[in-house]
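Notes follow once the structure below has been shown.
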Amino acid sequence: MNLQELKACLQKCPELGLAIALPDGRRVPAHCHVTEVGHVTKKFVDCGGAFRASEACVLQTYVGSSVDDGHRLTAGKLAHILGFADSFLPTGELPVEVEYEDELVSQYRVEGAGLVGDVLTLQLGLKHTDCLAKEKCGIDEGCGCSNEPESAEAGSGACC
């Protein structure tokens, strides 16, 4: 989901509560809040020597104590927070990611938003690593490679 799509969803129903669903079905605690809206630019070289860049709008969440729970995030509050970033976010086409700390700090893609009961729910998806220069590295996608650690340990055709 890109920033423009997210803002449109939030602005349609500003009074609704907001939930964030993790890829495994759990939810970020309802008393979380968004502490940062970032424009993250990553410039890098892949393993084949090609220079690349990627950009995203990253929403950092923070889960504090649930004791002072009077500030639950609504769709309207998140839209307001995103408005603060209008001056430096270059385009509404940026993909949106959510940074959340459970046991580890992780970033998830926002895959979509929809109503679940009377709550607007942001559905998060996993991010994955990939080789961006498969041809130069000699990696054949059809070779039966597996990214599963147990496959590599068992010698079951892992390419690398």
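The values are calculated or read from the model by the stated rules, or taken from the named source; none is laboratory data. It should be emphasised that the depicted structure is a prediction, and the values quoted were computed from it without experimental measurement. Note: ideal-geometry Cβ built from the backbone for every residue, glycine included; neighbour counts use all protein chains shown.
The table that follows gives values for the structure above.
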{"read-out": "Condition check for K7: free of Cβ contacts under 8 Å to residues at least 12 places away in the same chain and more than 14 Å from Y100 (Cα to Cα)", "value": "no"}
{"read-out": "Count of residues meeting criterion [of a type in the set (A, V, I, L, M, F, W, C) and either more than 14 Å from the chain's Cα centre (by Cα) or surrounded by fewer than 17 Cβ atoms within 10 Å (Cβ to Cβ) (or both)] in region 20-39", "value": "2"}
{"read-out": "Region 103-121, residues that are more than 14 Å from the chain's Cα centre (by Cα) and surrounded by fewer than 16 Cβ atoms within 10 Å (Cβ to Cβ)", "value": "E103, L104, G114, L115, V116, G117, D118"}
{"read-out": "Residue satisfying all of: in region 73-89; modelled with pLDDT of 95 or more, assigned to a loop (DSSP other than H, G, I, E, B) and touching a strand residue (DSSP E or B) at 6+ places or on another chain (Cβ under 7 Å); farthest from P23 (Cα to Cα) among these", "value": "F88"}
{"read-out": "Matching residues in region 114-127 - criterion: being modelled with pLDDT of 95 or more and not in a strand (DSSP E or B)", "value": "L126, K127"}
